[in-house]
Amino acid sequence: MKIVVVGAGLGGVAAAVGLHRTGHEVTLFERAAELREAGTGIVVMPNGLRALDALGLADDVRGHDMRDGQWGLRDRLGRPLLVTGLSQAQQVVGTPAMIVRAELHRALRAPLPPGLVRTGIPVERLEADLTGVTVVSDGEPVARADAVIAADGNGSKLRAQLFPGHPGLRRTGRMDLRGMLSRPPGMASDLLVGQLVDRRTGAMFGLFPVGEDRLYWFTDSVLDGPPPEADEARRQMLSLMADWHPLVPALIEATPPADIYVDPIARLAEPLPSFAVGRIALLGDAAHAMSPDLGQGSSQAFEDAAALTRHLTGGGPADVVQRLLAYDAERRPSANRMMRGAARQSRLTSQTGVTAWLRDTLLRAVPSRLAARQLAALWHA
């Protein structure tokens with residue numbers, strides 16, 4: 001079949017590779033002038049790694065497995081709330097991987113033949129009929145396909161075209177500030193692979209190792225109005241977290257400005273009624289944009305890519321509609337559960353006052369032998 005993938009983010013690239021390898025004639029359209037990914041670190045959860053395994057893309061990622069440290073929630077001073085050894089957690093949820101986003105994108109796109117990718121082409125709409133889909137850019141048709149995979153991100157224009165009555169994205173009123181830096185010499189590992197929460201402000205700080213010598217950190221805090229520039233956002237976080245565990249402000253301050261990113265946190269206002277409409281399927285954030293609280297954004301996109309590849313393998317043009325409906329039936333319930341789980345986790349960690357005090361008290365009361373199971377429930381919905 002002729003299949004067009006719109007959007008060359010992590011999920012779109014993974015889908016393009018999977019579909020190409022199963023014999024389809026694939027074209028990948030990307031609005032940017034070149035294939036690239038900016039940003040910091042990214043967690044690929046065990047379910048995402050299994051999806052990459054199914055696509056034959058997991059080898060490079062599995063070399064970045066997280067194996068050391070204490071995993072869990074702590075208060076702002078680093079005192080444990082719900083913590084377990086990472087090796088114990090792995091027995092319940094498997095081993096996640098932590099990798100630089102740009103390195104992951106390079107590894108995923110490496111199998112794509114150069115002629116398959118067309119950059120600098122913003123797809124503005126899709127015109128579907130009974131026999132196929134016409135892809136339109138700048139008012140002109142640029143391709144005709146038997147099926148189209150819309151992987152154009154959380155602000156997806158194609159989602160809005162397919163579901164004009166859907167409310168789309170909604171900001172959560174919170175800000176994500178994140179950065180990467182070299183690991184300071186002699187730094188203790190007790191705060192690695194975990195999150196610190198503050199019941200006074202509802203703010204959160206997360207920290208993960210990236211390989212042997214780098215660290216990825218992020219913050220989640222209240223956002224009033226438009227997001228500030230990265231330098232101003234860093235100043236705000238340094239002020240807000242000045243009396244946290246000393247490592248927190250030290251890492252934020254030591255991160256080079258060029259390696260800091262800031263975004264308002266947003267998610268779909270409500271789940272979509274379907275991930276497939278006729279010959280068009282939605283993938284990744286275009287289908288189920290969620291808050292980052294479970295670290296499942298990329299992993300869900302990889303599950304989408306693996307499911308689409310499996311359902312379309314061996315199919316012809318006449319089979320597309322039914323096969324995409326099967327994809328929807330498989331993926332939508334699971335992805336929507338994860339969306340709801342991410343929203344619950346956000347509410348849990350952003351509590352303040354008496355509610356947050358009660359949360360901390362209950363978390364501290366969880367027996368250590370059950371901590372891994374509780375963390376599995378938190379991060380794997």
Write down the Å³ per residue value for the convex hull defined by the alpha carbon atoms of the stretch 1-152. 147 Å³
Along the charge dipole of the chain, which of Leu112, Leu358, Ala145 sits closest to the positive end, that is, farthest toward it, with unit charges on the beta carbon of Lys, Arg, Asp and Glu (+1, +1, -1, -1)? Leu358
Any idea what diffusion coefficient the stretch 189-291 gets from Stokes-Einstein, in µm²/s, Kirkwood Rh on alpha carbon pairs, 4 °C, 1.567 mPa s? 81 µm²/s
Cα-only Rg/Rh for the stretch 270-381 with Kirkwood Rh rounds to 1.13
Among Leu177, Pro167, Ala188, which residue has its Cα furthest toward the positive end of the charge dipole of the stretch 148-194, with +1 on Lys/Arg Cβ and -1 on Asp/Glu Cβ? Pro167
What number comes out for the charge environment of Thr40, summing +1 per Lys or Arg and -1 per Asp or Glu over other residues with Cβ under 10 Å away? +2
For the chain, longest principal axis from Cα atoms; helix 353-364 axis from its Cα atoms; angle between them, nearest 10 degrees, is 90 degrees
Please list, in chain and number order, the residues 5+ apart from Gly168 or on another chain whose amide H is under 5 Å from its amide H, with Hs placed from the backbone. Ala269, Glu270
Give me D for the stretch 13-55 in µm² s⁻¹, whole number, from Stokes-Einstein with Rh from the Kirkwood sum over alpha-carbon pairs, 25 °C and 0.890 mPa s. 196 µm²/s
I'd like the projected area of the chain, averaged over all directions, using the convex hull of its alpha carbons. Report it in nm² with one decimal. 18.3 nm²
Give me the dipole magnitude in Debye, nearest 20, for the chain about the Cα centre, with unit charges on the beta carbon: positive for Lys and Arg, negative for Asp and Glu. 1040 debye
Can you work out ³J(HN,Hα) from phi for every residue in the stretch 127-135, in order, using Karplus 6.51 cos²θ - 1.76 cosθ + 1.60 and θ = phi - 60°, giving whole Hz and x for Gly and Pro? 10, 9, 9, 5, 10, x, 10, 9, 9
The chain: most fluctuating residue of Glu330, Glu30, Glu232 per GNM, C-alpha cutoff 10 Å: Glu232
If you take every DSSP beta bridge fully contained in the chain, what fraction is antiparallel? Give it as a percent rounded to 5. 70 percent
Could you state the angle between the C-alpha long axis of helix 320-349 and the longest principal axis of the C-alpha atoms of the chain, as a value from 0 to 90 degrees rounded to the nearest 10? 20 degrees
Using only Cα atoms, find the angle between the long axis of helix 230-240 and the longest principal axis of the chain, and express it within 0 to 90 degrees, rounded to the nearest 10. 30 degrees
About the Cα centre of the stretch 100-220, how large is the charge dipole given +1 on each Lys and Arg Cβ and -1 on each Asp and Glu Cβ? Please answer in debye to the nearest 20. 360 debye
Highest first, please rank the peptides 55-65, 113-123 by the mean number of other Cβ atoms sitting within 10 Å of their residues. 55-65, 113-123
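Read-outs throughout are calculated quantities, based only on the coordinates presented, and are distinct from any laboratory measurement. A quick note: this is a predicted structure, and the numbers were derived from the prediction, not measured. Cβ atoms come from the backbone with ideal geometry, glycine included; neighbour counts cover every protein chain shown.
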